[in-house]
1. Between residues in the stretch 136-148 that are surrounded by fewer than 10 Cβ atoms within 10 Å (Cβ to Cβ) and residues that are part of a loop (DSSP other than H, G, I, E, B) and not β-branched (Val, Ile, Thr), which pairs lie under 7 Å by C-beta distance while being six or more apart or on different chains?
2. Being closer than 23 Å to Ile102 by Cβ and either modelled with pLDDT under 95 or under 24 Å from the mean Cα position of the chain (by Cα) (or both), is that true of even one residue in the stretch 337-344?
3. Would you mind finding the one in Gly234, Gly199, Gly228 that is in contact with a Ser or Thr (Cβ under 6 Å, 6 or more places away or on another chain) and farther than 15 Å from Tyr152 by Cα?
4. Pairs under 6 Å by beta carbon, first residue within 21 Å of Phe31 (Cβ to Cβ) and buried (at least 21 other Cβ atoms within 10 Å of the Cβ) in the stretch 306-321, partner β-branched (Val, Ile, Thr) and modelled with pLDDT of 95 or more, six or more apart or different chains?
5. Would you check which residues across the stretch 36-52 are over 12 Å from Thr83 (Cα atoms) and not charged (D, E, K, R) and list them?
6. Taking Ala181 as the residue in question, decide whether it is in contact with a strand residue (DSSP E or B) (Cβ under 6 Å, 6 or more places away or on another chain), within 19 Å of Phe127 (Cα to Cα) and hydrophobic (A, V, I, L, M, F, W, C).
7. Just give me the residues in the stretch 149-158 being crowded, with 20+ Cβ neighbours inside 10 Å and either assigned to a helix (DSSP H, G or I) or within 19 Å of the chain's Cα centre (by Cα) (or both), in sequence order.
8. If we keep just the residues of the stretch 28-42 that are surrounded by 23 or more Cβ atoms within 10 Å (Cβ to Cβ) and among the β-branched types (Val, Ile, Thr), which is nearest to the chain's Cα centre (by Cα)?
Amino acid sequence: MIKSSALLLIFILLFIGKTSFSQDKLPVRGFCIGTPQPAEVNSFVKFITEELVPRNVNTLIVRIDYSYKFESHPELRNDSVLTKADVKKLVDVCRKNQIRIIPQINLLGHQSGGKYLNNLLRVYTGFDETPHVKMPQKYKWPNSDSLYCKSYCPLHPEVHKIVFALVDEICNAFESDAFHAGMDEVFYIGDDKCPRCSGKDKAELFAGEVNLIRNHLAMKNRQLWIWGDRLLDGKTTGMGMWEASMNNTHRAIDLIAKDVMICDWHYERPDQSAVYFATKGFNVITCPWRMPEIAVRQTQDMFRFRASVTPEMKERFQGMMQTIWSDAGQFMDEFYGRKSNIKDGENTQTNCFKAMYVEIQKQNEIKR
């Protein structure tokens, strides 16, 4: 009896220890990537199984945009699109391996790239926030129009009927409980020449769009995720116009719903703006890209934040997400060594991804 009790006590202590250890793991261990081409879906499923699963990735964001065979608005499809059957393969492998899969369509900003309009503004030209800014024959930055990417007008009376049909359809296809709306690098908002937005507060316009999308998703118990750069003050922080806002949208941070997930990206410095978002009441994820050294430091910071704050604050520091700014096929070519760019040296998406997940594992093994 004594031996049995002793063994039971040891088992309980070991169980408690293991439970405590598992609770120290990051709630979100993410990976964000562009859509695979239809012919690459099976290879991407294999990549998920052989590379994401062993690294304990539990969140996958697929930037689908218009690369899906939309039925609600077929006029907005890309030339090469995924079918329901293709998406089902991704959904099934993720469900089997307890990975939360989340689709993304860029909303508000990123409605053009280079000299080309993206599908929404190409088809529905009236949605353009800045129709007076013409797409150039040859794109360069900087330019006289301050054109980086076009935006749709958030106050256009017809835009959300179209946009929300796409959002609902893609969320249904991915069987998802969340949607990533992008909303980064919005330079065109509240333009002086827009008949609807002119003279309006840019922070209120941005917050209004965030909340409108958030509320639409909430009706079906879905969560909104966005990039966090437009909510940071680029001038005060010195972060500038790319990783933060220089057009006064940063004040929207006090106007949007607190259940929006913030994806806080910094690629060349381990800026600790995650603390700012958490202090404001948001759940936040830190997102590196291609510099392994920076990703390691950001990972260490995320674990340090969780270990050194109140219980209320701890769970707002949700974790880490590797961002891949190419489609799945291009990344897999790099990852498996089929194509490489020598000039990038160590600073590649592949090396960053590997280094971040090695550091997550190291941090999980540290007794706290």
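1. If the second residue must be part of a loop (DSSP other than H, G, I, E, B) and not β-branched (Val, Ile, Thr), the pairs left are Gln137/Lys115; Lys138/Lys115; Trp141/Tyr148.
2. Within the stretch 337-344 (the criterion being closer than 23 Å to Ile102 by Cβ and either modelled with pLDDT under 95 or under 24 Å from the mean Cα position of the chain (by Cα) (or both)), the answer is no, since none of the residues qualifies.
3. Values: Gly199 fails: in contact with a Ser or Thr (Cβ under 6 Å, 6 or more places away or on another chain); Gly228 fails: in contact with a Ser or Thr (Cβ under 6 Å, 6 or more places away or on another chain).
Result: Gly234 is the single residue among Gly234, Gly199, Gly228 that is in contact with a Ser or Thr (Cβ under 6 Å, 6 or more places away or on another chain) and farther than 15 Å from Tyr152 by Cα.
4. Listed by first residue and then by second, the contacts come to Gln318/Val28; Gln318/Ile285; Gly319/Val28; Gly319/Ile285; Met320/Thr286; Met320/Thr299; Met321/Ile285.
5. First, the residues of the stretch 36-52 that are over 12 Å from Thr83 (Cα atoms): 40, 42-52.
If the condition is that a residue be over 12 Å from Thr83 (Cα atoms) and not charged (D, E, K, R), then Asn42, Ser43, Phe44, Val45, Phe47, Ile48, Thr49, Leu52 are the ones that fit.
6. Details: in contact with a strand residue (DSSP E or B) (Cβ under 6 Å, 6 or more places away or on another chain): yes; within 19 Å of Phe127 (Cα to Cα): yes; hydrophobic (A, V, I, L, M, F, W, C): yes.
When the stated conditions are applied, Ala181 passes them.
7. Ser151
8. The extreme case among them is Ile33.
The values are calculated or read from the model by the stated rules, or taken from the named source; none is laboratory data. This one's a predicted model, so the numbers in the text were calculated from it and none came from an experiment. No Cβ is skipped: glycine too gets one built from the backbone with ideal geometry, and neighbour counts run over all protein chains shown.
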